[in-house]
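This report concerns only the one structure given below.
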Amino acid sequence: MLMRKLTFKSARLEVWEKYLLKFCSLIPSLETEYLQLERYGYLHTTVATKLAILKTLCESQFDFNIKFKESLLNSCAASDLRLLPIGYDKEGFAYLYQQDADLVIRIYSAEQDDHSGGSWNLVAKLVNFTSIRNLFLSSHF
């Protein structure tokens with residue numbers, strides 16, 4: 001389905017591996033994965049290879065799947081998808097707070113005008129919040 005949403009409209013279940021090879025051949029960063037896929041076939045490639053291909057297929061949706069792009073643009077503003085800084089240090093680095101569904105907290109630092117995310121660094125990660133949450137949710141508290 002991911003390949004059909006790109007430029008491979010005629011991709012079918014019976015010949016999907018052929019189209020996957022074609023996709024990998026078009027993406028320079030998948031050269032190694034292409035060679036492994038061509039040599040061993042999908043079933044016998046490593047999990048790392050399969051994940052790299054899947055990741056690239058998903059990321060390609062943002063570039064080549066017009067319906068997906070339009071629905072994203074219509075559903076929310078770009079600013080809604082960005083983390084807002086919680087503060088800045090004296091060197092001008094912004095600090096960003098993120099909390100996921102498992103209550104894992106991450107603090108990132110980034111250059112102030114970095115919109116591409118290239119300067120992001122993980123500064124701190126607090127994982128033990130899940131045990132605190134479980135304590136509050138238990139009937140013993």
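Just a few scattered comments:
- Exclusive hit being of a type in the set (A, V, I, L, M), under 28 Å from Glu14 (Cβ atoms) and modelled with pLDDT of 85 or more, set Leu54, Leu122, Leu96: Leu54
- Residues of the range 35-51 that are over 21 Å from Glu14 (Cβ atoms) and either in a helix (DSSP H, G or I) or touching a residue at least 40 places away in the same chain (Cβ under 8 Å) (or both): Leu35, Gln36, Arg39, Val47, Ala48, Thr49, Leu51.
The values are calculated or read from the model by the stated rules, or taken from the named source; none is laboratory data. No experiment lies behind these values; they were computed from the predicted model shown. No Cβ is skipped: glycine too gets one built from the backbone with ideal geometry, and neighbour counts run over all protein chains shown.
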